[in-house]
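Visitor: Have a look at the structure that comes next, please.
The values are calculated or read from the model by the stated rules, or taken from the named source; none is laboratory data. Nothing here was measured: the structure is a model prediction, and the numbers come from that model. Virtual Cβ from ideal backbone geometry, glycine too; neighbours counted across all protein chains shown.
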Amino acid sequence: MPLKRQLRASEIPIFDNAYIHQRGDYWQLHMWLEREGKYARKSLRTRSQSTAVERAKRLYMEISAHQLSGKTYFSLTVKQGVAQYLAARERDVELGLITRDRYITIRSQLKHWQEFIGRETRLKELDTGDCEDYFQFRQRVSGKKVKNLTVQHEQSTINQCMRWLHKRGETEIDRFEFRKLPRVDRGNEAIRRATLTGQEYQQLCAAMRVYCIGKKGELDTAERLQRQRNSARLEADELAWSWFSGESC
């Protein structure tokens, strides 16, 4: 079946109903699937045109074989996959494995990811490098107000979702390779958490004064008892000595 449209100059045909083109630095295969009425899109994970052509032909044969055997190419959408994952986390709340607040946080984090990656994107089309610009996206939509640590937590949740979906055969990958985040506000956050506020410092000083007064009282009592014991012992010694001296006379 021929392609549904004319190819652009930047697109290279692969057999009759497929072509490759560059998406960013990497080549990607687009193959028209007549039975499903859609284009299959797959990253070829190479910057080399010749390598991309070879990989595209092998992938074309593989997809065609699956189509002939009755298998469909398209998988769940991101929206459907996230819905399944959230349903599983909802059951975790009911079982007491996670809190309701934690579930709400996970749902919010995955909402940001869906806005970035596209809710209708097919899970099996996702590649490990598709979220490299996630931090830049979050910075842009938040007006650069989102914290690095917040994005780091979001990325962790996204990969937890991907691992869950991968175990169930819904994705080709089990994680994304995010860009390494700057460590600017992580240190600031650690310092902030380790530093007392003015009110906390005053409360600590007041508590220490009470504690020290109590300890001092305990020491004063112990010292007084020890002095009494020492005085009694001294009197006993003097009495014994005077008695001994009298006997000697």
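Visitor: Which members of segment 193-222 meet the condition of being modelled with pLDDT under 70 and of a type in the set (Asp, Glu)?
Guide: GLU218, ASP220
Visitor: If the Cβ limit is 9 Å and pairs must be 6+ apart or interchain, which residue in segment 91-111 that is more than 21 Å from GLY81 (Cβ to Cβ) and part of a helix (DSSP H, G or I) pairs with which residue that is at pLDDT 95 or above and among the hydrophobic types (A, V, I, L, M, F, W, C)?
Guide: ARG100/VAL93
Visitor: For LEU59, indicate whether it is in contact with a helix residue (DSSP H, G or I) (Cβ under 9 Å, 6 or more places away or on another chain), outside the structural domain of ILE173 (by the TED database) and within 23 Å of LEU123 (Cβ to Cβ).
Guide: When the stated conditions are applied, LEU59 does not pass them.
Visitor: Just to be sure I understand, how many residues within segment 38-52 are under 16 Å from ILE173 (Cβ atoms) and not in a strand (DSSP E or B)?
Guide: Looking only at that region, the number is 2.
Visitor: I've got another one for you. Can you tell me how many residues in segment 125-146 are touching a residue at least 24 places away in the same chain (Cβ under 8 Å), surrounded by fewer than 16 Cβ atoms within 10 Å (Cβ to Cβ) and outside any helix (DSSP H, G or I)?
Guide: 2
Visitor: Another one. Just one of ARG55, ARG35 is out of contact with any Asp or Glu (no Cβ under 7 Å at 6 or more places or on another chain) and part of a helix (DSSP H, G or I); which is it?
Guide: Testing whether each residue is out of contact with any Asp or Glu (no Cβ under 7 Å at 6 or more places or on another chain) and part of a helix (DSSP H, G or I) leaves just ARG55.
Visitor: Does ALA65 satisfy the criteria of being farther than 27 Å from VAL141 by Cβ and outside the structural domain of TRP164 (by the TED database)?
Guide: yes
Visitor: Restricting to segment 147-172, count the residues that are more than 17 Å from the chain's Cα centre (by Cα) and outside any helix (DSSP H, G or I).
Guide: Residues that pass the stated criteria total 5.
Visitor: Tell me whether segment 95-109 contains one or more residues that are within 29 Å of TRP27 (Cβ to Cβ) and polar (S, T, N, Q).
Guide: Within segment 95-109, none of the residues are within 29 Å of TRP27 (Cβ to Cβ) and polar (S, T, N, Q).
Visitor: Just the residues that are surrounded by 11 or more Cβ atoms within 10 Å (Cβ to Cβ) and assigned to a helix (DSSP H, G or I), please, taken from segment 68-90.
Guide: Listed by number, the residues that qualify are VAL78, LYS79, GLN80, GLY81, VAL82, ALA83, GLN84, TYR85, LEU86, ALA88, ARG89, GLU90.
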